[in-house]
1. Going by alpha carbons, how many degrees (0 to 90, nearest 10) lie between the helix axis of 92-109 and the longest principal axis of the chain?
2. What Kirkwood hydrodynamic radius, in Å, does the stretch 142-192 give when the mean of 1/r is taken over all pairs of distinct Cα atoms and then inverted?
3. Provide the per residue accessible area, probe 1.4 Å, for the stretch 145-291, rounded to a whole number of square angstrom.
4. Computed over the Cα atoms, what is the radius of gyration of the chain divided by 2.2 N^0.38 Å, N being its residue count?
5. Count charges around R253 for me, please; just the other residues with Cβ under 13 Å from its Cβ, Lys/Arg as +1, Asp/Glu as -1.
6. Mind computing the radius of gyration and Dmax over the alpha-carbon atoms of the stretch 210-303? Å is fine for both.
7. For a quick check of understanding: with a 1.4 angstrom probe and all protein chains in place, what accessible area in square angstrom does H288 have, to the nearest ten?
8. Grab the eigenvalues of the alpha-carbon gyration tensor for the stretch 207-252, scale each by 5, take roots, and send me the semi-axes largest first in whole angstrom.
Amino acid sequence: VATNYAYNEDPSLIAALPPSVKLHSAPYVEPTARGVSFSLGWSDRRFNTLRARAAGRPAAARPPEHPPATPSLRQRAARTLRAALNVPDAYWTWFLPALVEARRIVAEHEIGLVFTSADPYTSHALGYALQRSGLRWVADLRDPHTHCHRTHSRLPWVFAIQRELERLAAERADVVTVAAQSIAMILKESYGLQDDRRLRFIPTGLDEALLAGAPIKREKPYLIFCGEYLPDYGDGLFRLFAESLHDPEVRARDYEFLVVGRQEVNEPRLAPSIAKLGLTERVRFVDHLPQRELYRLIQGAEF
């Protein structure tokens, strides 16, 4: 996408690509007030811009300990409207520009194969459209998206479209790559796939070159959790951490617990439980980090 609204970026990584790798982007307007505002030049509310602005402000106060109030009728209506507009997902405004740009590149370089990775579901639509233009199609399905409530629409008619796009990818792609054997099993059972040879499991690996940096050493020994802390995880991990601190030997080490990932998601989600367990001074929230820096932090962790 030409405009990135949602994720942290590290532009320096582009310099590490070999000259033979060419990057192309297609215009994308996020279908939200933020996206329209930016596209009209009113305000820059992309992730990196907002994060840079926030870095110059005082740290926000910790959220209250009580759970958030039930969404108002207006908030629920806005949420439903957003869900109804995002068909099959929030990247529908990118589909046509991406298809036009892809066809131009294919014609210019005589390309015969397209690789798509999902989510978003729009990637399936793009891959199928290019396959119909005569290309062979490798569809990479990172997760069984229509089987996870967090990764599909709650509106039945939108879900039906998402399900159909996933079926198209699973049935029509020349090769389907998956991140786990279990995903291949789910796809086979869901769509009655007969040809196992089209399903290829590619293990997700570790970029060992990123381990070359020296471990980050902090003032105190620390444990680390990386990624988004999902509500499904509960507070069991932090209850165990709190209980372990009753052990004099553990307490003497003065451990910290680092939660590294989307701070605007992790902190509101965890702060009430952490405060209740008396861990506010021991748990530190760290926002997105460049991958190389994250690996150094992981290397320096005790656990």
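1. Helix 92-109 sits at roughly 60 degrees to that axis.
2. 11.4 Å
3. 57 Å²
4. Taking the Cα Rg and dividing by 2.2 N^0.38 Å, one obtains 1.16.
5. Within the 13 Å Cβ shell, the charges total -2.
6. 13.4, 39
7. Taking all protein chains as shown, H288 has close to 50 Å².
8. That gives 26, 20, 7 Å for the three semi-axes.
The values are calculated or read from the model by the stated rules, or taken from the named source; none is laboratory data. Note that the structure is a prediction, hence the values are computed from the model and not measured. Reconstructed Cβ throughout: ideal geometry from the backbone, glycine too, with neighbour counts over all protein chains shown. What goes into the accessible areas is simple: the full protein's heavy atoms, side chains included, and nothing from ligands, DNA or RNA. Shrake-Rupley method; radii C 1.70, N 1.55, O 1.52, S 1.80 Å.
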